[in-house]
1. Taking the Cβ of B:Pro351 as the center, what net charge do the other residues with Cβ under 9 Å away carry, scoring Lys and Arg +1 and Asp and Glu -1?
2. Sorted by average packing, counted as other Cβ atoms within 10 angstrom per residue and highest first, what order do A:376-386, A:69-79, A:55-65, B:378-388 take?
3. For A:64-76, what's the mean count of beta carbons from other chains sitting within 10 Å of each residue's beta carbon?
4. If you filter region A:255-339 for trypsin sites (Lys or Arg not before Pro), then keep DSSP loop positions with at most 11 other Cβ within 10 Å, what is left?
5. For an R0 of 30 angstrom, estimate the FRET efficiency from the Cβ-Cβ distance between B:Thr102 and A:Ser9 and round to the nearest 0.05.
6. Can you give me the C-alpha center-to-center distance between region A:63-88 and region B:229-268, rounded to a whole angstrom?
7. Find the centroid of the Cα atoms in region B:93-151 and in region A:294-358, then give the distance between the two in whole Å.
8. Which net charge results when you count Lys and Arg as +1 and Asp and Glu as -1 among the other residues whose beta-carbon is under 13 Å from that of A:Ala193?
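No lab work stands behind these numbers, since they all come straight from the coordinates. Computed from a predicted structure; not experimentally measured. FYI the Cβ positions are ideal-geometry reconstructions off the backbone, even for glycines, and counts take in every protein chain you see.
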Amino acid sequence: MRRVLGLLSSLLLLVIAVGLLRAWGGDNEAGLMTPGVLGDLPRSPATGVGTAALSLGLLLVGSFVLGEIVALAGLPRVSGALLFGMLTGPNLHVVLTPPFPALVPQAELDYLQFVDALAVSLIGLVAGGEIRIEFLRRSGSMLARLVAAEMSGVLLLVGGGVAALSGMIPLLSERGTGERWYLVAVLAAMTVANSPAIVTAMLRETRASGPFAHLALSITVVKDLTLVIIVSALLAAWSTSDAGGGGAAALGVGWHLAGSLLVGAVFAAVLAAITLRTRGRLDLLVVVIGFSIALAGRMLSIAPLLAGITAGFVLANAAPNRSRRLFNSIDDLLPATYALFFAVAGARIGLSSLAALWPLALGISALRLAGLWCGMRAGCAWAGVRPPVRTWLWTSMVPQAGVSIALAAEARNAFAGQPWADLLHALLLSIVALHEIVGPPLLRLGLLQCGEVRR
Amino acid sequence: MNALASATTLRGLPEAIAALAVGGTALLLAFLSLTRPAARLSRWPLASALLGGGWIALACGVALGPLGTGLLRRESVAELEPLGQMCLAWIGLLVGMQMKGTLLAAVPAPLLRWITMDAVVSFVGAAVVTWWALRTAAPQVDLRVMWPLLAMIGAASIGWSGELRSLHGLDARASSVAALIQGGAGLASAIAIVASDLVTLKPGGSASLITTLAIAAAATVALRSTLGTETGNQGRLTLALLGTLALVAGAAALAGASTLPGAFLLGMAITNLRGGSMRRMERLVAESEPAVAAVFFLLSGIILGRTPGWWPWMIAGGLLFVRIVAKPIVARIALGDAWDQPGAQRLRPAPVRQAPIAVALAVAALLAHDTVAERGCLLALVLCGLGSGVLPLLWRARS
């Protein structure tokens, strides 16, 4: 109790200090330097760049402290980071009255999304490094059955439920039959996604190891790949009907997938060469590689997560001994990576849209959970998975985060100009927000029930 | 997953090439600093001076930035500002971490005398040289307006090259000149940070400095109570440390103050607080020094811009002159017979070499206020640092 009070007062002190600083602002002209002695330079840094370090620091330290508090209450640290992001992010500031200074303003959050891409690359590396080729060979058909059953369960229940109630959903009731069915398909496909980042983070946090952990991560990665193809095909179908650009869209989708795999393999080769010829710790190298993957993602229009997973997978399986030192170095950076990634994800949760759309989001979430449960139970029976993993494996598919948010953003871009595009985006984000909050505790419960938690 | 719909179109090719060039260079530097050949290379005096002083990293930065190939444009450079602030915070932390009560109490009297004399002579000498050069470039500007720049360059000229945390080496060999030079380098870095921030302080600026120091104090309390006596988890220590440094750097940026004093205070607090976590954090910061130095000098090279006129070169020449002439004389007066001891002769050029903190002070000034004058001062200090690093080597080779 004393420790909790100490942590809470530290957190409060920190938030008040940053809040006061934000409220009073800084008088830069009254700072240490005089106006340019020899003339000022034209300078136009992107908004939010100069003070982005304050948001970065607040999110890291705050997530760390709140993570400790929720861990003492038996909840995952990831939930602490998400909660802190939600509490300090710009979305809460918007709904608060009277106005309170945004602790993490939108402009700085936008800037931090590039650092966020670094986190995604590292998470991908770790997730890929956890998957062994022997496991895939041995359990390939089991994985295929589980993925197929789980995806079918969600698609059927969410798709069927939404289609049945489409007359009562404003987003769908005003559409023509074709467009309505198309939107139902998009909505159902989007809800299939779960979060490789949360799964990896939870497995690391609990040091879980065993059939549940292996299956959870492998299903997540395989499903992620499959989902990219499905969603890409759906969006490409829209582009084809809308502008006749089917060939270009298919080419884009092909490059997105193949490019990610190719870039990941190249990074794996570079990392293998470097780890062979170097000694000592590789922390800086890991950060540089993470940034490079993030940059490649931005510049070449590939998926950093997919490239990271490929690099980690190739490295861990092609050079298992050589890569151990590299993965040990990543381990030391992971708490900071997770804290930042989940705090930024929490800060991006649209609280105002959640407040408006919660009944619909809650209904679709209930359908998703039911679909996950049914699909996974059926899949486990089909694939011969034994209890208690059979009973609890569905919990690992509940969390949603970065991939789902990115897919929602892609959908908004693809449907830009449509009157319902923003509403669909807000609805998807509201569903993600709900699963982002309930997912980590459920996954922890599943791991505990299967006896795979080591701390 | 970030661009499904727009996957067919690549971003602008120059932007992609620039980004890949920066990433590639950073990767190469990180690779070079870790390889066995690099360790062997550092046994050569010239290579050691260039690698240890961060000049190779700086040269790479210059090659990529607006002064070199121009691959990185001014807008891209501005995007790197938070990274620069973080590096500065790390440097301030390193310097602050040697301000341990027991170590400071053990500083021998000759070293205190030497450092005091060096600080006064270097500050005044460098300020006069800078004033002379700036007067030729802008005769209309009066001394009051120039004062912050003069004070920054003056403070940057205090001390000499050595590891930023070299005060730790004093306790065992305090009597030898080598130990005094090593310890003095660390102590001088601390004096330079304090001098730079106190001497340039204006009535309006004190609030900014106090705000930054208050945030640093709050961060220290949070850090201490969160980590407690934890000694096991390096990853959680890294998270706490990175977060605290970012907080201090960001608070300084928002308040319009320099990043260095807040981080310096944080370092002092960490080193003087008891507890296993604090010891481990100290080790973590010390171990990461080469890597952070490489990134910092790379960034310094990138932000080094073109400055109209010859006045930065004049300042650099003047500073070099002050270092070559005044520093050995001050050492001779302060240390007396110890300076003439057998074996000390080889160490005489040591105080001539400019301290790495000089470039950090100039970068801090530039990040707080980016003008032609600050850019020129950074260029001058880089030139002086390079000259003062290479000249003693040439002198030694000739003799």
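1. Net charge around B:Pro351: +3.
2. Ranking, from highest mean packing down: A:55-65, B:378-388, A:69-79, A:376-386.
3. 2
4. Listed in order of number, the matching sites are A:Arg279.
5. In this case the efficiency is close to 0.45.
6. 20 Å
7. If we compute the Cα centre of each part, the gap is 45 Å.
8. That works out to -2.
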